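Shown next, in structure tokens, is the structure this report addresses.
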Amino acid sequence: MNILVCVKRVPAPGARIVLTDDRQDIDTRHLGFTTSPHEECAVEAAVQLRERHGGTATVLTLGPPEAVEQLRYSVSVGADQVVLVPADTTELDPQATAAALVDAITELESGAPFDLILFGNESADSGGYQVGIRVARALGRPVISGLKGIEIDGDEMVGRRETDEGFEVYRLPLPAVAAAKEGITLPRYPTLPGRLKSRRAQITEVAVEFSSGGQEMVHLLKPTEEVTETVILGHGAEAAPQVVRLLEEVGLL
Amino acid sequence: MSLILVFLDNDRGALSPSGPEALTPALELAETLGARLETVTVGEPGHAGLQQLGLAGHVVSHPILTDYAPEAYGEALAQLADHTGASVLMTLGDDRGAEVMAHVAAVLNEPLVANVTEITDASGGIEGAWEMIRVRWGGSLLERARLRSARKLLTIAPHTFEPPESALGNPTAASTFAPDLADHLARTRVVERVRLAEGLTLATAPVVVSGGRGVGSAENFAILEELADLIGGVVGCSRVATNNGWRPHSDQVGQTGTRIAPDLYIACGISGAVQHWVGCMASKQILAINTDPEAPLVTKADYAVIGDLHEVLAALISEIRSRK
Ligand SMILES: Cc1cc2nc3c(=O)[nH]c(=O)nc-3n(C[C@H](O)[C@H](O)[C@H](O)COP(=O)(O)OP(=O)(O)OC[C@H]3O[C@@H](n4cnc5c(N)ncnc54)[C@H](O)[C@@H]3O)c2cc1C
Ligand SMILES: Nc1ncnc2c1ncn2[C@@H]1O[C@H](COP(=O)(O)O)[C@@H](O)[C@H]1O
């Protein structure tokens, strides 16, 4: 099983998002960076499938040189190989991102396709819900999104997706593509040997040309927020009667 | 006359109840642009609902399309868009809507703007450049986006528009469209469905008692379970609780969890990061229980109790029991 996972480096805002003055970006001066939890879980799923079926788990990101941080993190949690597709921005539109990823993947595969390519269901920041599907269609491979369960059964990928009533099952012939949701599996934390390994990990670079898509960001804006006056019902255990009153008002008691 | 197509999803015949939300902005667009609006459903049924709405509709019919099959859906809708010469194709951006439209966009090689909340400028006409507002970061942030393609593909952010209330015109007949689908497109069709026990869920419960890092352990969630049982609700959690293995991911509220809108949300030991907040901000009332009076969830909540959640919940439970 040779598996590829595509992840996107994004800032990790805490309680408030602050924009830069030109509103072109989040002010990241005081922020760390991460990937979407969906992608973190996709990496874990790939590592587990590799552990079960053999082969390799490769993680790829398209982004600035700093995105190596996310690649090294994935090595610390079990990825075998990591690939950077250098770009000066992660703000390409989804069409352009997908086209660049297709070129990079084609070059990496050089004729021997990955059995499975995993994506996150949506990127954490721009949330286009489409890059994985565009890549799969361009490569002529079956693809299913929103997976909360994944297994390999012979030459098929079995995927499980949650619905209002329970779940539905898909069976895709390999090579296949899938987009994972957080919860598909529980990501592990890096171990000390994992961290050491990640420092020495070799980063493969695959350079591609970029096209431009038909969607363009004009600027970012913050949603209007209601300002609430918080009513403090009390401190510690003595607040209990006040809380009971609230539960009664809401009609729960 | 230019044409706007709205894809209305149905699940084995039952029209998706929230799907018609996408009709509201579509009707507005049709009016401003002087365009015709028609609906599309895939598979035979679901049509009665459309007739009630009084919109001309297309029913896309093919043996592969009798159950959900995103690749085939996308191919079929792309063919219908070409066949009708539609200038706009839009749908609600729920899980299936987002997936199907991404397939359509890939087949047609057109851009797709996801989770639109407002079309702010279509003055260039139906084929000109448009500007619109779309959701980022699960709703913590918005983006003004420009779409330059002549043919426009959009998904509408869920819970943004009320669906149109009643009949929009005289009931009209639907026309059937038979796409040409290669057999292999059936490879991504649902092969099996498993129903799980029904009951209150995170999405439907009137009250959610949610816990975060402050709860401290899986065992400590027992007291949240007890309160939830007493007041007819369910337990939710933050990502820290999921990541630590204290709770299953199906309990997680937030950007990559579930978005909920209960009558009351009780957040215990949760700080209120934006990615959590977008999942609970639609709650009618929020009560935060936190040791830190400055925690963002406390300052954004309607009500708060400052203190150790274990003490507060224990006292609350005995108070409720003493009254019963
Ligand atoms: C792309 C992305 C997506 C994400 N999606 C989600 C998501 O869907 N859902 C989600 O929840 N998070 C999500 N996160 C994570 C999010 O950023 C926060 O890390 C997380 O919500 C914090 O969880 P928490 O509030 O439980 O923990 P903390 O932020 O550590 O807060 C713990 C709180 O508990 C209080 N406390 C401690 N002890 C006690 C006590 N004894 N009694 C009362 N109060 C106490 C503290 O004062 C503090 O306010 C996402 C992050 C990213 C980057
Ligand atoms: N710059 C990028 N580098 C690598 N993978 C990406 C990038 N952007 C998006 N992806 C992948 O595509 C998925 C869907 O992205 P999107 O269509 O933007 O929601 C993400 O979850 C990632 O797995």
So which residues in the stretch A:202-240 are in contact with a Leu (Cβ under 9 Å, 6 or more places away or on another chain) and in a helix (DSSP H, G or I)?
-> A:237, A:239, A:240
Give the stretch B:102-118 a look and list any residue that's more than 8 Å from chain A (Cβ to nearest Cβ) and surrounded by 21 or more Cβ atoms within 10 Å (Cβ to Cβ), or say none.
-> B:104, B:116
Could you look through the stretch B:187-235, keep only residues that are free of Cβ contacts under 8 Å to residues at least 40 places away in the same chain and in contact with a Pro (Cβ under 7 Å, 6 or more places away or on another chain), and pick out the one that is nearest to ligand 1 (Cβ to nearest atom)?
-> B:233
So which of A:155, A:164 ends up being modelled with pLDDT under 95 and either away from ligand 1 (no atom under 16 Å from the Cβ) or surrounded by fewer than 22 Cβ atoms within 10 Å (Cβ to Cβ) (or both)?
-> A:164
When the residues of the stretch B:282-311 are filtered to those that are among the aliphatic types (A, V, I, L, M) and touching a residue at least 40 places away in the same chain (Cβ under 8 Å), which remaining residue is nearest to residue B:206 (Cα to Cα)?
-> B:282
How many residues of the stretch B:288-299 are more than 19 Å from residue B:252 (Cβ to Cβ), within 7 Å of chain A (Cβ to nearest Cβ) and either crowded, with 24+ Cβ neighbours inside 10 Å or of a type outside the set (S, T, N, Q) (or both)? The answer is 1
Which of (1) within 18 Å of residue B:5 (Cα to Cα); (2) within 10 Å of chain A (Cβ to nearest Cβ); (3) crowded, with 21+ Cβ neighbours inside 10 Å is the odd one out, the single condition residue B:156 does not satisfy?
-> (2)
Per the filter on the stretch A:167-186, residues in contact (Cβ under 8 Å) with a residue 24 or more places away in the chain and surrounded by fewer than 20 Cβ atoms within 10 Å (Cβ to Cβ) are A:173, A:174, A:186
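Do any helices (runs of 4 or more DSSP H) entirely within the stretch A:18-112 hold 2 or more residues that are within 14 Å of another protein chain (Cβ to nearest Cβ), crowded, with 22+ Cβ neighbours inside 10 Å and of a type outside the set (A, V, I, L, M), and if so, which? Let's see the steps before the verdict.
Numbers: elements: A:37-53, A:68-76, A:94-109.
It comes to A:37-53, A:94-109.
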Only one of A:228, A:224 that is among the polar types (S, T, N, Q), loosely packed, with under 13 Cβ neighbours inside 10 Å and facing chain B (nearest Cβ under 7 Å) | A:228
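The values are calculated or read from the model by the stated rules, or taken from the named source; none is laboratory data. The structure presented is a predicted model; accordingly, all values stated were derived computationally and were not measured. We place every Cβ from the backbone using ideal geometry, glycine too, and count neighbours over all the protein chains shown.
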